[in-house]
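Read the structure below first, then the notes.
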4 protein chains.
Amino acid sequence: MKAVRLHQYLKHPIVEEVADPKITGPLDVIVKIGGAGLCRTDLHIIEGQWKEKSNVSLPYTLGHENAGWVSEVGSAVTNVAVGDTVIVHPLITCGFCRACRAGDEMHCEASAFPGISVDGGFANFLKTSARAVVKLDSSLAPKDIAALADAGLTAYHAVKKAAKSLYPGTVAVVIGAGGLGHIGIQCLRALTTAKIIVVDRSAEALALAKELGADHTVLADGNQRKTVLELTNGFGAEALIDFVGEGGAIADGVAMLRRAGSYYVIGYGGILEVPTIDIISTEINFVGNLVGTYTDLVELMTLTAAGKVRLHTTTYPLEAFNDSLHDLDTGKLQGRGILVPA
Amino acid sequence: MKAVRLHQYLKHPIVEEVADPKITGPLDVIVKIGGAGLCRTDLHIIEGQWKEKSNVSLPYTLGHENAGWVSEVGSAVTNVAVGDTVIVHPLITCGFCRACRAGDEMHCEASAFPGISVDGGFANFLKTSARAVVKLDSSLAPKDIAALADAGLTAYHAVKKAAKSLYPGTVAVVIGAGGLGHIGIQCLRALTTAKIIVVDRSAEALALAKELGADHTVLADGNQRKTVLELTNGFGAEALIDFVGEGGAIADGVAMLRRAGSYYVIGYGGILEVPTIDIISTEINFVGNLVGTYTDLVELMTLTAAGKVRLHTTTYPLEAFNDSLHDLDTGKLQGRGILVPA
Amino acid sequence: MKAVRLHQYLKHPIVEEVADPKITGPLDVIVKIGGAGLCRTDLHIIEGQWKEKSNVSLPYTLGHENAGWVSEVGSAVTNVAVGDTVIVHPLITCGFCRACRAGDEMHCEASAFPGISVDGGFANFLKTSARAVVKLDSSLAPKDIAALADAGLTAYHAVKKAAKSLYPGTVAVVIGAGGLGHIGIQCLRALTTAKIIVVDRSAEALALAKELGADHTVLADGNQRKTVLELTNGFGAEALIDFVGEGGAIADGVAMLRRAGSYYVIGYGGILEVPTIDIISTEINFVGNLVGTYTDLVELMTLTAAGKVRLHTTTYPLEAFNDSLHDLDTGKLQGRGILVPA
Amino acid sequence: MKAVRLHQYLKHPIVEEVADPKITGPLDVIVKIGGAGLCRTDLHIIEGQWKEKSNVSLPYTLGHENAGWVSEVGSAVTNVAVGDTVIVHPLITCGFCRACRAGDEMHCEASAFPGISVDGGFANFLKTSARAVVKLDSSLAPKDIAALADAGLTAYHAVKKAAKSLYPGTVAVVIGAGGLGHIGIQCLRALTTAKIIVVDRSAEALALAKELGADHTVLADGNQRKTVLELTNGFGAEALIDFVGEGGAIADGVAMLRRAGSYYVIGYGGILEVPTIDIISTEINFVGNLVGTYTDLVELMTLTAAGKVRLHTTTYPLEAFNDSLHDLDTGKLQGRGILVPA
């Protein structure tokens, strides 16, 4: 089959022929890829930013946002059958550790992360596990929803945590209305009654945010802190959801937070730097977010099937991977890029 | 009456004669002080560290950890009567804002903080509100428990948050076994079944920690991270409770945290500085803690009356305030210092 | 002033002239009534059903769903001013007991319930407390929202509890789409993404339910259990919200509940009767609901101001109280009856 | 091997020779039984009370509280190895349904219950699943802890739910200090700071309760409601944990409950019968409890290894099953009966 393989950090991945994956364990599942989402993390991987955290051996196949159809299953698989349309939870997990037992798969003590630590889905076929596949409503096409497997799941997971404290009358500020942010806004709209304020540097992204349900949009033109405080009567937001996580976004976010509020860290790259006296005198919280659980993904697909979440995408043939990467890197990519194998 | 008054930042407070406080509102309560705790925050106030946050006009009376007996009440007070033994919640709150309604008095939109923003309890009498006084079991003497009003309350509040995720088999690491820390350890012992590991630079403090219920004590001699990771099979702690909040303690704490764990910030002075990629890749949380609620204080007094929490104290006459401050500043003060008016 | 007074159980109340209420305490508030809701509980009171629970002395003024304008305040009131539009939380509470401190005013240890245990709002003026008044957005007219003070609050309170377990993909069954039920459906729509199934004996009530956001409506014609089970693939509902609480509704509700589901008891009159083996073998819960908290009422008014909850009402002049009662009793009353003083 | 088999309802089970269980699936685990607990449910099964709920085909092997050593594993089992000491969670579950994913195994959509719906552990060997075995600290002997697999787990599960609302100063009333109750008391002691009041008809059981940590014991001699109300200043208990579930216990329990309190149903046999007006006017809850989760069992074993929970047992050889049953039925059995195969 064809696969997009990284041979060397800081070099372009290569689209090349490799052997198809094979069933080796009783719970293995092989998925014929219908769509695989391109993510800013793919850029970070190529740059070597995940080298030590993932410990992957090169070359390997990229692609961690995958959807398609079940093509082969191990001897003990009963939850899906060949031909089922599925979206693939990003992690292969053991099912036996405390984290898996608690439904908190992201912290599985023996997990693999296709596309990051083992071969991923920029290919004709992906090998994953029965524990990772979510059977889809037949109304959903893999290429339309693949990016929900990671980008969407991450946004949903963070919003679901925030939603617990977003009762009627509260305010959620979203920083960054891009690939994850535009899904986060839709999830906030679906799960909460909070007033949603979206901050971004792009007027275009803000226009989309408004269309997707933002109550107020604020251009990050240097006055964003002042504007958000005015919109919240000087109090700030109960929830600050940061899809950027670098540059001025972090200091902005802290400044926009209400006493006892929570700052949800999703985007990454920068450094969180806050005097402890500011943390204790306002009793604020910082909440890390890492992808999401299997049941989060099921819930997100329920919202998607109900029309409450929709992705903006641009599709590319698998062979055009490096074009898609170039478009992402240069800001030309509209919405989320989806690779579709022939 | 006699009172300890701060006339100028960076100068010693003066013990001087001032007018007794008077009832002016229907919910006012005047407490004859039986004991008032000395706190490291008093040093910080004198140094000017709270100048802008408190906005207090000098001179004013210090003392924010107060207990005594009700000596006079406003016309609408029904929850206490003259003569009742009481401990005083540190804040005077409105009772009408959302935070007060939710029992989250620390975030009252119209609060005063005696000893910080208005006259405090290093004096014969303190003026507070009916909403702030907790009636005590007559077995408790004000001078023995005064420091629970703030130091104890802060420790209890943070431990109570942490206790929600400390099921049997989990680990709590306490950094700092001093004034707050030694109460925090007792609260952890009372509220949880977690394994308690205490880290401190003082062998003496660790000996006390052990006596109060720590399962393991670790001297902060440079090997503390390694030792804590060994004690937790390399995983780290579900809860990291930091009573220091400055110097190397913060970086140590982050390194000792388990995936999905929470870091409770209580001590202050330093800067929390963590790359966002480390926050998201392990999905950790930072939780601010500011004193505690009125019901927290009631619960803490229940534990104290039951013998589950006891303070280590050294008493001083009110007139000897500057001696007590000197002892605190030079590390000579054993346990918590308590000022007792004549 | 004019007031609707109950002089004897099982007799019609009398509209008569009484003295205006007077401010006697520092936190008293007198409200000029703009609208007061008529409730099935008023019928139950007249029938004597609350005689022992309320211990009220006859004669007294009925009316426990009140809204209007502040006309006079006690000396210590600062949260509202004369002229403010307000809705009145049904209870006068102490603010000092544990329940009040926790925001759980319904369980105040020293409360009064105007219209039930002391004089209520079917009159020109009502005496209540500063703790009970919610200042309203000026866009809301007292006569349009008065019934939210109790009927609406009760529905919101129960739905808010249920909402915690109603993630995307779950099912909520509402039994009874009448005065409370039609508000409950709107609250479910606003707070959750659950599939909403409404069961009622009236096709007209079901038509309204559909319009307000029900996904499915089921006529209670004897096949309702079967139909609900079919609509839930045989599993039943995660939440069963029973606004009827008598007759066959209870047994129906239990039969429609999913394993580990919760049955919210709101309507009353009948007897809950379930073998304990059925409770443990499916691990179901029964959750009592009593009016709601002050902050629940604030949140409900936020939803109302945002257009997410609207009441169906019929207004009557205060003098026509017995006509309104007759219409309620004979099923002629469309929506919720509102008494409006001249 | 030898096994205790039920051939006919209302007849004594027979100890007879049957074939050893065999590994057929990749996640199967065969446990050599070291101890299997006898439970009142075994009596109920023989009486036919579970006939329709379990749908089991006779003859089959009883025994649903099992511990021992792993003797054989399926090809995909990695969490235990042959020779490991294990306690067996009572259910064999799928691991793929929403309930399993949420760690709520009791509501697995495709479970089997050895000893109830398939062959159990009153035998030399038991076939279960990798998902059901908890690896034990080698300090724990199967015959000493087997009954924790179900009786203990059930008590722990209910107490863990109750513990969430048992802050310092609250009261838990335990009805029934027998097989489950005496473990429940120890769990309450370990997990909470609540005042524990135990009600039982047996002075002997109460003496044990006292020794295990009860603060007060109350003989159920007809005055128990009055006594409990006196012990709680007339308020009643925040949590009522009913290990009896039949006879007068239920009405007693409801009468002993504080406003907004919760009644935990564990024992069964009787009928819960409460007027809905009593449920809503005090806002009380009834909480069903069914065995417990896998992680509950892990936590309970942690408490047990730490010496915080210990079982009172009497052992019998497997062949003496009918003697043990007779002793249980006639009240001669001290503590929990444990069958030990040769």
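Listing for the model above:
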{"read-out": "Inter-copy separations for A:K164, label at 7 Å along Cα-Cβ, nm, ascending", "value": "0.5, 1.0, 1.1"}
{"read-out": "Charge dipole (debye, nearest 20) of chain A; +1 at Cβ of Lys and Arg, -1 at Cβ of Asp and Glu", "value": "540"}
{"read-out": "Over chain D: helical MRE at 222 nm, DSSP H runs n ≥ 4 each giving -39500 (n - 2.57), nearest 500", "value": "-7500 deg cm²/dmol"}
{"read-out": "Mean projected area in nm² (Cα convex hull; one quarter of hull surface) for region A:44-113", "value": "6.1"}
{"read-out": "Taking chain A and dividing mean pair separation by its residue count, relative contact order in percent (alpha carbons under 8 Å, at least six apart)", "value": "18"}
{"read-out": "Relative contact order for region C:218-321, counting Cα pairs under 8 Å that sit 6 or more residues apart, in percent", "value": "20"}
{"read-out": "Folded to 0 to 90 degrees: helix B:181-191 orientation relative to chain B principal axis, Cα", "value": "80"}
{"read-out": "Within straight-line cross-link reach of C:K226, lysines at Cα separation under 21 Å, skipping those fewer than 8 residues along the same chain", "value": "C:K195, C:K210, D:K53"}
{"read-out": "Alpha-carbon Rg/Rh ratio, for region C:104-242, with Rh computed the Kirkwood way", "value": "1.05"}
{"read-out": "Degrees, to the nearest 10: A:151-163 long Cα axis against longest axis of chain A", "value": "40"}
{"read-out": "Charge dipole magnitude, Cβ of K and R +1, D and E -1 - region B:15-59, Cα centre, debye nearest 20", "value": "180"}
{"read-out": "Loop-located chymotrypsin sites (Phe, Trp or Tyr not before Pro) in region A:216-295, at most 16 other Cβ atoms within 10 Å (DSSP)", "value": "A:F235"}
{"read-out": "Formal net charge of residues neighbouring A:G95 (Cβ-Cβ distance under 9 Å; K, R +1; D, E -1)", "value": "+2"}
{"read-out": "Solvent-accessible area, 1.4 Å probe, carbon plus sulfur percent, for region D:93-198", "value": "53"}
{"read-out": "Check: the protein assembly as shown dipole with +1 on Lys, Arg Cβ and -1 on Asp, Glu Cβ, in debye", "value": "0"}
{"read-out": "Cβ-Cβ FRET estimate between D:W69 and B:Q8, R0 fixed at 51 Å, reported to 0.05", "value": "0.10"}
{"read-out": "Stokes-Einstein D (µm²/s) once Rh is taken as the Kirkwood radius of region A:228-310 over alpha-carbon pairs, at 25 °C in 0.890 mPa s", "value": "172"}
{"read-out": "Total accessible area lost when B and C pair, probe 1.4 Å, Å² to nearest 100", "value": "1500"}
{"read-out": "Average accessible area per residue (Å²) across chain B - probe 1.4 Å, nucleic acids and ligands excluded", "value": "36"}
{"read-out": "Rounded FRET efficiency, nearest 0.05, which uses the C-beta distance separating A:E109 from B:K164 and R0 of 22 Å", "value": "0.45"}
{"read-out": "q = 0.17, 0.19 Å⁻¹, region C:169-210: log10 I(q)/I(0) [Debye, one scatterer per Cα]", "value": "-0.38, -0.48"}
{"read-out": "Positive-end residue, chain D charge dipole about Cα centroid, Cβ charges, pick of D:V86, D:N223, D:G120", "value": "D:V86"}
{"read-out": "At 0.890 mPa s and 25 °C, Stokes diffusion of region A:152-311 via Kirkwood alpha-carbon radius, µm² per second", "value": "160"}
{"read-out": "Within 10 Å of each Cβ in D:167-180, the average number of Cβ atoms from other chains", "value": "3"}
{"read-out": "Exercise: per-residue mean of other protein chain Cβ atoms within 10 Å, C:296-305", "value": "3"}
{"read-out": "Listed residue (B:G184, B:A249, B:G270) projecting farthest to the positive dipole end of region B:154-275, Cβ model", "value": "B:G184"}
{"read-out": "Other protein chain Cβ atoms within 10 Å, averaged over every residue that makes up B:286-294", "value": "6"}
{"read-out": "Computed Kirkwood radius, in angstrom, where 1/r is averaged over Cα pairs of chain C", "value": "20.5"}
{"read-out": "Debye log10 I(q)/I(0) at q = 0.11, 0.15, 0.18 Å⁻¹ for region B:263-337, Cα point scatterers", "value": "-0.56, -0.87, -0.99"}
{"read-out": "D:A342/D:E230 FRET efficiency (R0 41 Å; Cβ-Cβ; nearest 0.05)", "value": "0.20"}
{"read-out": "Relative packing of B:65-72, C:19-26, B:138-145, which averages over residues the other C-beta atoms within 10 Å, highest first", "value": "B:65-72, B:138-145, C:19-26"}
{"read-out": "nm² value of the averaged projected area, convex hull over the Cα atoms of the protein assembly as shown", "value": "50.1"}
{"read-out": "Two-decimal ratio, region C:65-186, of alpha-carbon radius of gyration to 2.2 N^0.38 Å", "value": "1.18"}
{"read-out": "Dipole of chain A, positive end: most advanced residue of A:P168, A:C97, A:A147 [Cβ charges, Cα centre]", "value": "A:P168"}
{"read-out": "Highest average packing first - C:95-104, C:327-336, Cβ atoms within 10 Å", "value": "C:95-104, C:327-336"}
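The values are calculated or read from the model by the stated rules, or taken from the named source; none is laboratory data. Note that the coordinates shown come from a computational prediction; the quantities given were computed from them, not determined experimentally. Here Cβ is always computed from backbone atoms with ideal geometry, including for glycine, and neighbour counts include all displayed protein chains. Note: areas computed on protein heavy atoms with side chains; ligands, DNA, RNA excluded. Shrake-Rupley method; radii C 1.70, N 1.55, O 1.52, S 1.80 Å.
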